[in-house]
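**Q** Quick one: this structure, given as structure tokens, is what I'll be asking you about.
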Amino acid sequence: MELTDYLQLARRNWLVLVTLPLLLAGAAFVYTGREPKVYASTATILLRATEQVSTAGTGSAEINSASLPVIAKEARSPEVIAAAATVLGGGITTSEIDAALTIIPPEQGSTLDFRATAHDPKRAADVANAVGNAFIEVRRASAVEKGNQTVANFDIQIAELSNKIDQFSLLPDNGANKTALASAQSQFQDLSNKRLQLQADLKLKQGAAEVVQVAQPSSDPVSRKPMEGGLIGLGAGLAVAIGFILLRDLLDQRLRSRDEAEELTGLQVLAQIPLDPRTLKDDRRIAVIHKPDGVVAEAVRSLRVSMRFLSVEKPLRVVLVTSAGPGDGKSTLATNLAASYATGGFRTLLISADLRRPRVEKLTDLEAGPGLVEILGGMAEEEELRQRRLPQHSEFDEAAIAPVTPAGRASGARRRAAEHAIEEFPTPPGRRRRPTVDVMVEASVPAPAAAPARNGARPRKTLQIVDRARAVADNLWVLPAGKPVNNPVEILGSPLAKDFFALAAEQFDMVIVDSPPVLPVSDALIMAHLVDGVIFVTSLRSTNHSHLERGVEAVKATQARLLGLVLNRVPQTGRDAVYGYYGK
């Protein structure tokens, strides 16, 4: 994604970016304002090298960075915490002291900070001081215990040396005995002096640590202030909002751009129809008629221009409009496209072929009435009667059932043109009105003189679709769906439907067929191969990727001529925006 994509994403989700951080900031502000205040106090302990005494002599263990973590761990040992709890009293438990205590080893030097927190500032100071003093006392007791153990070891060694001296005194007075006696007496004297020195030091032992800073009650709480809590909540809310928006965008499978549509389907986008809020508010508003200088009307005209170039190789007289699923705006597009052809001076027929949920009638403000279902039903009855009235092939020659020739159709059309005049509909300048012609069941087959028609067969009249359709504007007729039926697939997929579309192409300059979506039902797939081309409508930020792919593949499987995509409801701002020259 580019920077502009992120900006558009933020613009589409501005409500989340604003609401969520403010909600979390307000909640954090209220929570920090209501929670009890917490106070902290710190006692500082200075560590000294501990005295190490052994039979070899005395020495000291220096304080270094490696030993500090070990000493800090000893400072909150169970013995220290228990000793502090005994000193504090008041029913305080060792777990409460351990939870409130923090031991902070220094980065440099040889001090330990005992930090305690509590809701009462005096309580915090008392805990810090009690733990610090308990640490010194436990450390001193440990050192005294070790010193006493060393004194005991000295006593054992002194007793052994005393026995040796007594034994050497009984031996003969020679040079070797005198040397051994002198050595034993010297060791005896050294150990005795060390023992006396160690006993003196044990009386002064302070645990190799002392308090250098006593903890004092603090008047300034360390808990967060309401404003600080609000700022933290604001930052956390912003982070959560951004993460939520990015995750939702990643999981969102709705169509987001023209490039995605063309990449998913391999089809070109013939036109982009902008989002018109006024159309959403008024279903009966045909943009091409009511706002001819608007961006929607201009976009529909651009679609008509694209279709003009597509009809160079093969004429487009009957075009079916469909979509993957409901709600993509195919009926609105079909209505506007038909109105665009009509305003361009073409005799246009708009057929409502969605027999399940017809929408064209509502868009054009027509009342329900006879329409496509009744016409196809009448053609079926007429065909059945014709089959009954035709003579058997065995009784008459082939001329009796020969198809009507183009010359015969033309003569029949000229003969009936005067009977069904349509002067009330204006003809575009420079255009010759297209004569109506007989097709299929409407053609009369003259019987030869030698073989008169049986069963009283009579010539039939040509089906004039313009008489069954309803005029809604200059050059624009609408054929309603008709009464609801239980078998729309059988009706629309019958051979008579193909003949009907051929008849409509003869009587009108342009025929636009509004069909049901291809995924829920198969009505549009049945009609796809009966027309000259199919326009597939998809809605930006509404149609699912998988639905679009499946819908286009379903139409391609019928071997129909798929003209391309129409991207509907494109915003008038952003990278894929639709711009108008006149206005909005």
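**Q** Starting from residues that are at pLDDT below 85 and either part of a loop (DSSP other than H, G, I, E, B) or of a type in the set (Ser, Thr, Tyr) (or both), keep the ones in the stretch 106-120 and report whichever is nearest to Glu35 (Cα to Cα).
**A** This residue is Pro106.
**Q** Of all the residues that make up the stretch 468-500, how many are touching a helix residue (DSSP H, G or I) at 6+ places or on another chain (Cβ under 9 Å) and either open to solvent by less than 10 Å² (accessible area, probe 1.4 Å) or within 15 Å of Leu363 (Cα to Cα) (or both)?
**A** 12
**Q** Then there's this: Can you name every residue in the stretch 1-23 that is open to solvent by less than 70 Å² (accessible area, probe 1.4 Å), under 12 Å from Leu246 (Cβ atoms) and in a helix (DSSP H, G or I)?
**A** If the condition is that a residue be open to solvent by less than 70 Å² (accessible area, probe 1.4 Å), under 12 Å from Leu246 (Cβ atoms) and in a helix (DSSP H, G or I), then Asp5, Leu9, Ala10, Val16, Leu17 are the ones that fit.
**Q** For the stretch 280-343, which helices (runs of 4 or more DSSP H) that fit wholly inside it have 2 or more residues that are small (Gly, Ala, Ser) and closer than 25 Å to Gly551 by Cα?
**A** Of the helices (runs of 4 or more DSSP H) lying wholly inside the stretch 280-343, those with at least 2 residues that are small (Gly, Ala, Ser) and closer than 25 Å to Gly551 by Cα span 295-310, 330-343.
**Q** Another one. Could you say whether any residue in the stretch 79-102 is in contact with a Lys or Arg (Cβ under 7 Å, 6 or more places away or on another chain) and β-branched (Val, Ile, Thr)?
**A** Among the residues of the stretch 79-102, at least one is in contact with a Lys or Arg (Cβ under 7 Å, 6 or more places away or on another chain) and β-branched (Val, Ile, Thr), which makes the answer yes.
**Q** Continuing with this model, one more query. What single numbered condition from (1) at pLDDT 85 or above; (2) touching a Ser or Thr at 6+ places or on another chain (Cβ under 6 Å) fails to hold for Leu563?
**A** Answer for Leu563: the failing condition is (2).
**Q** Right, another one. What's the number of the condition Asp201 fails, among (1) modelled with pLDDT under 75; (2) of a type in the set (Asp, Glu); (3) loosely packed, with under 13 Cβ neighbours inside 10 Å?
**A** With (1) modelled with pLDDT under 75; (2) of a type in the set (Asp, Glu); (3) loosely packed, with under 13 Cβ neighbours inside 10 Å applied to Asp201, the lone miss is (3).
**Q** To continue, here is another question. Residues to consider are Asn129, Asn163; find the one that is open to solvent by 60 Å² or more (accessible area, probe 1.4 Å) and assigned to a helix (DSSP H, G or I).
**A** Testing whether each residue is open to solvent by 60 Å² or more (accessible area, probe 1.4 Å) and assigned to a helix (DSSP H, G or I) leaves just Asn163.
The values are calculated or read from the model by the stated rules, or taken from the named source; none is laboratory data. Just so you know, these numbers come straight off a predicted model, no measurement behind them. All Cβ positions, even for glycine, are placed from backbone atoms using ideal geometry, and neighbour counts span all protein chains on display. We work out accessible area using only protein heavy atoms, side chains counted, and drop any ligands, DNA or RNA first. Shrake-Rupley method; radii C 1.70, N 1.55, O 1.52, S 1.80 Å.
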